[in-house]
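Participant: Pasting a structure below so you can have a look.
The values are calculated or read from the model by the stated rules, or taken from the named source; none is laboratory data. Here the structure is a predicted model, which is why all the values come from computation and not from measurement. Cβ coordinates were reconstructed from backbone atoms using ideal geometry, including for glycine residues, and neighbour counts include every protein chain displayed.
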Amino acid sequence: MSHVSEGRISHLAHMVLDQLKAEDVSDLQQDRLLLKELKAVIGEYLNIDEVLDAKVRRKISSLSRRVPEGSGEWDVLYRQYLEEERRKLGR
């Protein structure tokens, strides 16, 4: 899984802020605070795959029987558990 860089997150947050300003959505006197919150939300959203990957790997490793990573069974379990976790998040 690849990590989304801080620069990319910052760029996306600035784009969202610019769009909000262009649409005059609200009084944006507190741009720095809003930008900080946007970065946190975007970063969390974009990095969720890393969190899910770790969760799925823990789930597989906690099984009563050992399932070797890279085996066909491991791949099937990984996809199944990953899909379950995504469904829980509505993704």
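Participant: Quickly run through the range 70-91 and pick out the residues that are closer than 25 Å to V4 by Cα and either free of Cβ contacts under 8 Å to residues at least 12 places away in the same chain or among the polar types (S, T, N, Q) (or both). Show your work before the answer.
Facilitator: Residues of the range 70-91 closer than 25 Å to V4 by Cα: 75, 78-91.
Matches in the range 70-91: D75, R79, Q80, E83, E84, R87, K88, G90.
Participant: To continue, here is another question. Tell me the residue from K55, K59 that is closer than 24 Å to E6 by Cβ and of a type in the set (D, E, K, R), please.
Facilitator: Only one candidate qualifies: K55.
Participant: Could you look through the range 30-77, keep only residues that are in a helix (DSSP H, G or I), small (G, A, S) and exposed (fewer than 15 other Cβ atoms within 10 Å of the Cβ), and pick out the one that is modelled with the lowest pLDDT?
Facilitator: Step one: list which residues in the range 30-77 are in a helix (DSSP H, G or I), which gives 31-46, 48-61, 72-77.
In the following step, the residues that additionally are small (G, A, S) were identified as 40, 43, 54, 61, 72.
Okay, now just the ones that are also exposed (fewer than 15 other Cβ atoms within 10 Å of the Cβ), so 40, 54, 61, 72.
On the way: A40: 87, A54: 94, S61: 96, G72: 95.
By that ranking, first place goes to A40.
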